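Engineer: Quick one: this structure, given as structure tokens, is what I'll be asking you about.
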Amino acid sequence: MRSTPEHLPEHLRATVGLRVDLIDTPALVVDLDAMERNIQRMAEFAHKHQVRWRPHAKMHKSAEIALQLEKAGARGHCVQKVSEAEALAAGGVADLYISNEVLGGAKLLRAARLAAQLAARGGRLAIAVDSEEGITRLSEAMRVAGSDAGIDVFVEIDVGQGRCGVPPGPAALALAQAVAAQPRLHFAGLQAYHGSAQHLRGAAERRAAIAHAVQAAADTRALIEAAGLPVPLVTGSGTGTLVHEAASGVYGELQAGSFLFMDADYAANEREGAQPAFEHALFVKTQVISARPTHVVCDAGHKSHAVDSGMPLVWGLPPERALRYANGGDEHGVLHAAGPKARLPALGRMLWLVPGHCDPTVNLHDYLIGVRGGLAHGVVERIIRVDARGAVT
Ligand code: PLP
Ligand code: MN
């Protein structure tokens, strides 16, 4: 569902059609051409490897973008939260997977009701589990919701991150059997996401981490199938490692999300030869609001972009003229000359930042400003609502 002009705040409505240099700051801007090239690269990559892609919507949190991805070939979306699933479903997305554990009774009931709604629309909801308790609670919520359509359930195995998931092997078999024994739960396969491998800087380190994950997933799948239970799908992967899961022959679905916007943290990874050449598509436009001989200050601080994965990059400067961004607090960034020939920008100058981490950056904004024609001469084409902003339950 597109954000119709009537729903937009006045200042944003007035932005549509404006040249980029007139966008007020700070602003979260999407380079639509770069984003669409990223979508195309991902579609071609998945097609080449004959894997499905189910992008992670925890990153963009927008139904409009999700539907654009599905038009390009994505098979449904991942989310992390029930409330994200609700927000995207309300915007027209019908095939959703909560790739995370949910234990709270109220949330499980909402998930069960959403599963029924999506099934009635010809869609579906799936969810991950990693405990007997989680399975019992989900089953009870599905009974209370009274839906016959059921819900697809993935058993999560811990393939190296040390976060959620049971150890690969017998513990996963026991959970798969527990799922299959429940009337409204359908065992859909294994969730095998290696989060901490995504930003291992060296390509060889990432390859080794995913080789381990692939082996663990393959062995667990074989164990479950040997017990007579088919494992329809192994799902996982992120932007940092997708070349390995895609080539594994074990993973049937890729969950990468950040490929769409690409942040500074991902830019710091050593490139893998086979990795599609994803480009930065998410930027914070900022203005120099104070200037001193030693440094200048811009109007984008950590209320404009997340700093959990490092500071933003100042975009578009050759290395010899590079500027370094230092955190200046909630509303400020302090810029220093970094390259040998760097000159501090003048008061009033507009600059573009590449955020350190795209997911929590998007979550700081209600709208994304979509620009067509590039950051130098482009125009604002559309305003995209961040439907699941703040959806944390
Ligand atoms: N799958 C799961 C379960 C995740 O938690 C994440 C991100 O944290 C992803 C996929 C997507 O990873 P990325 O945004 O790095 O591509
Ligand atoms: Mn992330």
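Engineer: If eta is 1.306 mPa s and T is 10 °C, what Stokes-Einstein diffusion coefficient results for region 291-382, Kirkwood Rh from Cα pairs, in µm²/s?
Structural biologist: For the chosen part, D equals 113 µm²/s.
Engineer: If each of Ala338 and Arg321 carries a label point 7 Å out from its Cα toward its Cβ, how far apart are those two points in nm?
Structural biologist: Label-label distance for Ala338 and Arg321, simple model: 1.6 nm.
Engineer: Please compute the Kirkwood hydrodynamic radius over region 191-329, one decimal place, Å, based on all pairs of different Cα atoms.
Structural biologist: Radius from the Kirkwood sum: 17.6 Å.
Engineer: Let me check against my output: what whole-number percent is the relative contact order of region 244-353, with C-alpha pairs under 8 Å and at least 6 apart?
Structural biologist: 26 percent
Engineer: Taking only DSSP H segments of four or more residues, each worth -39500 (n - 2.57), what value at 222 nm results for the chain once the sum is divided by all its residues, to the nearest 500 deg cm²/dmol?
Structural biologist: -9500 deg cm²/dmol
Engineer: Something else: With every protein chain in place, what's the accessible area of Arg13 (1.4 Å probe, Å², nearest 10)?
Structural biologist: Counting only protein heavy atoms, Arg13 exposes about 100 Å² to solvent.
Engineer: Region 41-91 to region 113-129: how many Å between their Cα centroids?
Structural biologist: 15 Å
Engineer: Another question, then. Kindly write out, for region 150-166 in residue order, the coupling ³J(HN,Hα) from the Karplus curve 6.51 cos²θ - 1.76 cosθ + 1.60 (θ = phi - 60°), rounded to whole Hz, with x marking Gly and Pro.
Structural biologist: x, 9, 7, 10, 9, 8, 8, 10, 8, 9, x, 6, x, 10, 7, x, 8
Engineer: Okay, next question. Could you tell me the accessible area of Ser248 in Å² (1.4 Å probe, neighbours in place), rounded to the nearest ten?
Structural biologist: 30 Å²
Engineer: What area, in nm² and to one decimal, does the C-alpha convex hull of the chain cast on average over all directions?
Structural biologist: 19.4 nm²
Engineer: Highest GNM mean-square fluctuation, the chain, Cα pairs closer than 10 Å: which of Val362, Val82, Val250?
Structural biologist: Sorting by GNM fluctuation, first place goes to Val250.
Engineer: While we're here: What does the accessible area per residue of region 45-103 come to in Å², with a 1.4 Å probe and no ligands, DNA or RNA counted?
Structural biologist: Here the per-residue accessible area is 32 Å².
Engineer: Note down the accessible area of Met350, probe 1.4 Å, to the nearest 10 Å².
Structural biologist: 60 Å²
Engineer: Also: Starting from a Cα-only point model with no solvent, please compute log10 I(q)/I(0) by Debye for region 319-366 at q = 0.14, 0.32 1/Å.
Structural biologist: Normalising to I(0) and taking log10 leaves -0.44, -1.26.
Engineer: Please build a GNM for the chain, connecting alpha carbons under 10 Å apart, and tell me which residue among Gln80, Gln255, Gln275 fluctuates the most.
Structural biologist: Highest fluctuation of the listed residues: Gln275.
Engineer: Moving on to the next point. Can you work out the FRET efficiency for the pair Asp366 and Glu331, with r the C-beta to C-beta distance and R0 = 30 Å, to the nearest 0.05?
Structural biologist: Once the sixth-power term is evaluated, E becomes 0.95.
Engineer: Could you rank Val379, Val392 by how accessible they are, 1.4 Å probe, largest area first?
Structural biologist: Val392, Val379
Engineer: Could you name the aspartates and glutamates in cross-link range of Lys303, using Cα to Cα under 15 Å and dropping any fewer than eight places away on the same chain?
Structural biologist: Partners within reach: Asp330, Glu331, Asp359, Asp366.
Engineer: Which pairs break 27 Å Cα to Cα here: Lys81/Lys285; Lys61/Lys285; Lys285/Lys341?
Structural biologist: The pairs that break the limit, which is 27 Å between Cα atoms, are Lys81/Lys285.
Engineer: Another question about this same structure. Return the tail of the calculated pair distribution for region 97-150, meaning the percent of Cα-Cα pairs more than 12 Å apart.
Structural biologist: Value for region 97-150 (Cα pairs over 12 Å): 59 percent.
Engineer: Okay, next question. Averaging over every viewing direction, what projected area does the convex hull of the Cα atoms of region 252-320 cover, in nm²?
Structural biologist: Seen from a random direction, the Cα hull of region 252-320 projects 6.9 nm² on average.
Engineer: Let me ask you something else. Give the distance, in whole Å, between the Cα centre of region 206-220 and the Cα centre of region 331-345.
Structural biologist: Taking the Cα centre of each part, region 206-220 and region 331-345 sit 43 Å apart.
Engineer: Of Ile289, Ile23, which has the most accessible area with a 1.4 Å probe, and how do the rest follow in descending order?
Structural biologist: Ile289, Ile23
Engineer: Then there's this: Accessible area, 1.4 Å probe, largest first: how do His77, His377, His280 sort?
Structural biologist: Correct descending sequence by accessible area is His377, His280, His77.
Engineer: Let me ask another. Return the sequence-ordered ³J(HN,Hα) values of region 279-286 in whole Hz as given by the Karplus equation 6.51 cos²θ - 1.76 cosθ + 1.60 applied to θ = phi - 60°, using x for Gly and Pro.
Structural biologist: 10, 5, 10, 10, 9, 9, 7, 9
Engineer: If you don't mind, another one. Where the accessible area of the chain is counted over protein heavy atoms with a 1.4 Å probe, how much of it, in %, is carbon and sulfur?
Structural biologist: Carbon plus sulfur share of accessible area: 53 percent.
Engineer: Percent antiparallel among DSSP beta bridges with both residues in the chain, to the nearest 5?
Structural biologist: Expressed as a percentage, antiparallel bridges in the chain total about 50.
Engineer: Something else: Kyte-Doolittle cut-off -0.5, length cut-off 30 Å along the helix's own axis using Cα: show which whole DSSP H helices in the chain pass.
Structural biologist: Length and hydropathy pass: 203-226.
The values are calculated or read from the model by the stated rules, or taken from the named source; none is laboratory data. Please read all numbers here as calculations on a predicted model, not as lab measurements. Virtual Cβ from ideal backbone geometry, glycine too; neighbours counted across all protein chains shown. Areas reflect the complete protein model, heavy atoms only, side chains present, ligands, DNA and RNA absent. Shrake-Rupley method; radii C 1.70, N 1.55, O 1.52, S 1.80 Å.
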